[in-house]
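Chemist: Have a look at this one.
The values are calculated or read from the model by the stated rules, or taken from the named source; none is laboratory data. For clarity, every value in this text was computed on a predicted model and none was experimentally measured. Positions of Cβ are generated from backbone atoms using ideal geometry, with glycine treated the same way; all protein chains shown enter the neighbour counts. Quick note on the areas: whole protein, heavy atoms, side chains included, nothing else; ligands and nucleic acids left out. Shrake-Rupley method; radii C 1.70, N 1.55, O 1.52, S 1.80 Å.
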Amino acid sequence: MTPTLTHAAHVSAHHVPLYLALWGLGMIVGNIVGGWAADRALIPAIFGILVWNAVFLSVFYFTATDPLSAAVTLFLIGIGFALVPALQARLMDVAQDAQALAAAMNHSAFNLSNAIGAWTGGMAISAGWGWHSTGLVAGGLAIGGLAMMGLSCALARMGNTFSNKTMGF
């Protein structure tokens, strides 16, 4: 985010910590909202948060060049971290007796997703699409997550993967 803010929005490096703090505040809000939403309707919450992420990560492409718009969008992107408690709750539902192993694998998956995001974002920047292009790349990755979740639910409805109780149907 720092290079995007300094190169695309022309934010002073001195002010970048304020933007990162705003993003962090969004993450706090997201964690609270994500846990609340997961408790009420787990699978719809995951779908909704993935849509949220796809929208606001993509919006960053358009707002990253304006300091105020970028700040608001970063806060909204931070809220997208509501996905973390929802995914963790989902994992605990399906892990049964292997919850510790599943939690470790979940953390590994988050690290892998961070690497994939950095790699694909770096490819977009290297291709000359600009620092702000990482928003569209990230939005595309969130759409990929929606597709995988949709496939998982479709398989569950056919009875091939998870029980209807686990999926929340």
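Chemist: Yes or no: residue 128 open to solvent by less than 50 Å² (accessible area, probe 1.4 Å) and either farther than 21 Å from residue 47 by Cα or out of contact with any strand residue (DSSP E or B) (no Cβ under 7 Å at 6 or more places or on another chain) (or both)?
Modeler: Taking the combined requirement at face value, the residue does not satisfy it.
Chemist: Out of 46, 32, report the one residue that is crowded, with 21+ Cβ neighbours inside 10 Å and either more than 22 Å from residue 141 (Cβ to Cβ) or touching a Lys or Arg at 6+ places or on another chain (Cβ under 9 Å) (or both).
Modeler: Sole residue among the options that is crowded, with 21+ Cβ neighbours inside 10 Å and either more than 22 Å from residue 141 (Cβ to Cβ) or touching a Lys or Arg at 6+ places or on another chain (Cβ under 9 Å) (or both): 46.
Chemist: When you go through (1) of a type outside the set (Phe, Trp, Tyr); (2) free of Cβ contacts under 8 Å to residues at least 40 places away in the same chain; (3) open to solvent by less than 30 Å² (accessible area, probe 1.4 Å) one by one for residue 83, which number turns out not to apply?
Modeler: (2)
Chemist: While we're here: Going through the range 20-62 one residue at a time, which ones are of a type in the set (S, T, N, Q) and touching a residue at least 60 places away in the same chain (Cβ under 8 Å)?
Modeler: Result: 53, 58.
Chemist: Would you check if there is a residue in the range 128-140 being more than 22 Å from the chain's Cα centre (by Cα) and at pLDDT 85 or above?
Modeler: yes
Chemist: Scan the range 1-12 residue by residue and report those that are at pLDDT 95 or above, surrounded by fewer than 15 Cβ atoms within 10 Å (Cβ to Cβ) and either touching a Gly at 6+ places or on another chain (Cβ under 8 Å) or within 24 Å of residue 137 (Cα to Cα) (or both).
Modeler: Correct list: 10 only.
Chemist: When you go through 71, 100 one by one, which is the residue that is open to solvent by less than 20 Å² (accessible area, probe 1.4 Å), assigned to a helix (DSSP H, G or I) and out of contact with any His (no Cβ under 9 Å at 6 or more places or on another chain)?
Modeler: 71
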